[in-house]
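Notes to accompany the following structure.
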Amino acid sequence: MPESSFPGCASIDPLVTPYVDGELAAAERQIVRAHVQVCPACLARVSAEQAVQRLMAESKASLREEQASSALRTKCGALAAGMEHGADIRPRVLDTLARGTWRARLVPLALAATLVLIAASAFIYQLTARSPRLMAAELTADHMKCFAMNGLLGTHQAAATVEGSLASGFGWQAHLPDGPDREGLALVGSRPCLYGEGRVAHIMYRHNGRPVSLFMLPRKQMPNADATMRVLGHEAAMWSVGDRTFVLIAREAKSEVEHLATFVRASLH
Amino acid sequence: MGIRGAKTTPKRQGPGGRGPAFDVEALSHVDSLYRTARRLTRTPADAEDLVQETYLKAFRAADSFEPGTNLRAWLFTILHNSARNRARDRARDTVAVDSEAVERAAQTQPAGGNVTPETLLMRDTLGPELQAAIDALPENFRQAVWLRDVEEFSYAEIATMLDAPLGTVMSRISRGRRLLFDHLNHLKPVNA
């Protein structure tokens, strides 16, 4: 095996890659050339890198064969369009978010109007150490994210499916409210949320077309959480039943959110 | 962490930061973003999610994109930042790599002791074989080699994407190529 036995090999080594890539200035290029003429070890390094680099260059067409699916193209295109159509809700919410540390974690609400309900596992940060307001903010972020992603994916679940996943995922024999349409509510699809550390159930509705999220936290996270508060341009209504804490979030008037919370609360325990 | 461009570029005032031309050009890079996302994730579905997250962030942060600079490089930076954030969020799922051991292994010379021009040609290496060898590289080396040799970014652009110093980028490219060389030569018959 060749050894780096010539003086100067250590200083040549970092130059090998830019030399192979043609990124060295003339003087440095000359130093490498002179060195490899007398140093088989460094010549072997240069030759190996050159061989791979040339092979990659020749294989570029093949390496670039893999393409995005037409579904992905459509989703990304819809995203661009959705952002324009969502202009009415964007500035206020996003500018609020952009001022704080939320900016990188949040995605805008960019939705096609096709959704109707979501039950999802959402992950939230260690809630016990936080205030109800922070918890509401975390959940509002998940609310926006899940609806945006669901808008892209176009998922869709029936009430029985949602109830089944709540039972298997959380041991929660939930009965979703009957006749949601009387309240202008329609059930949507399902998508796991990616944030946080704890697991919560996330059921999503549309209320007259606008997104509504209902979160169920399996352990009682907040003492005296019965309240409605305004966070990130949304209203969040919280309440507890037994060990479970519920949070309903929508970007609607406080009275409307409280009305929806009352409606949901009557059925869900 | 934030989007790098959004941190370093002053936010421009007034409307019109993002027009149809921005959307069209951004969307024209979906194939190379997806291919690169495939190298950053385990499944095609994860790669698609990552590309969508990238576009969501890009359209939202369009005002912070500096017109006249490289939109493709900017998108790739968002892609890699998002991938890093995901890796952190899912740290419990990731396989820890003994990076020092990997780097030591990468320090070794091309094997065989008999490096001749013939063995260096490797012209009969097939695309899928090369792709598999690239995908088998340790993550840091794979990303650097891919961005340089397939996506043809500059060292400086790659340094921004990977959030690593220039020297580190060059050394990762170097070691990645040497590992590939070793791997591809081991696949050959002795007298090839």
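Based on C-alpha pairs under 8 angstrom that are at least 6 apart in sequence, region B:12-92 has a relative contact order of 36 percent. For A:Ser255 and A:Asp178, the FRET efficiency from 1/(1 + (r/R0)^6), where r spans their Cβ atoms and R0 equals 22 Å, is about 0.45. The calculated FRET efficiency for the pair A:Val38 and A:Ser11, based on their C-beta separation and a Förster distance of 25 Å, comes to about 0.95.
Given a 1.4 angstrom probe, what's the average accessible area per residue across region B:12-92, in square angstrom? Don't skip to the answer; put the middle values down first.
Details: 3190 Å² over 81 residues.
Here the per-residue accessible area is 39 Å².
Of the trypsin sites (Lys or Arg not before Pro) in region A:38-67, not one is in a loop by DSSP (not H, G, I, E or B) with at most 12 other beta carbons within 10 Å.
Suppose a student asked you for the relative contact order of region B:133-179, using Cα pairs under 8 Å spaced at least 6 residues apart; what percent would you report? Reported as a whole number, the value is 43 percent. As a ratio to 2.2 N^0.38 Å, the alpha-carbon radius of gyration computed for region B:12-92 takes the value 1.13.
Note down the magnitude of the dipole of region B:12-92 about its Cα centre, charges +1 on Lys and Arg C-beta and -1 on Asp and Glu C-beta and zero elsewhere, to the nearest 20 debye.
Computed charge dipole of region B:12-92: roughly 440 debye.
Using the Karplus relation 6.51 cos²θ - 1.76 cosθ + 1.60 with θ = phi - 60°, the per-residue 3J(HN,Hα) values for region A:206-216 come to 10, 10, 6, x, 9, x, 9, 10, 10, 9, 10 Hz, with x marking Gly and Pro.
The values are calculated or read from the model by the stated rules, or taken from the named source; none is laboratory data. Everything numeric here is computed off the predicted structure, so don't read it as measured data. Reconstructed Cβ throughout: ideal geometry from the backbone, glycine too, with neighbour counts over all protein chains shown. The protein model used for the area step is the full one, side chains on, heavy atoms only, and it has no ligands, DNA or RNA in it. Shrake-Rupley method; radii C 1.70, N 1.55, O 1.52, S 1.80 Å.
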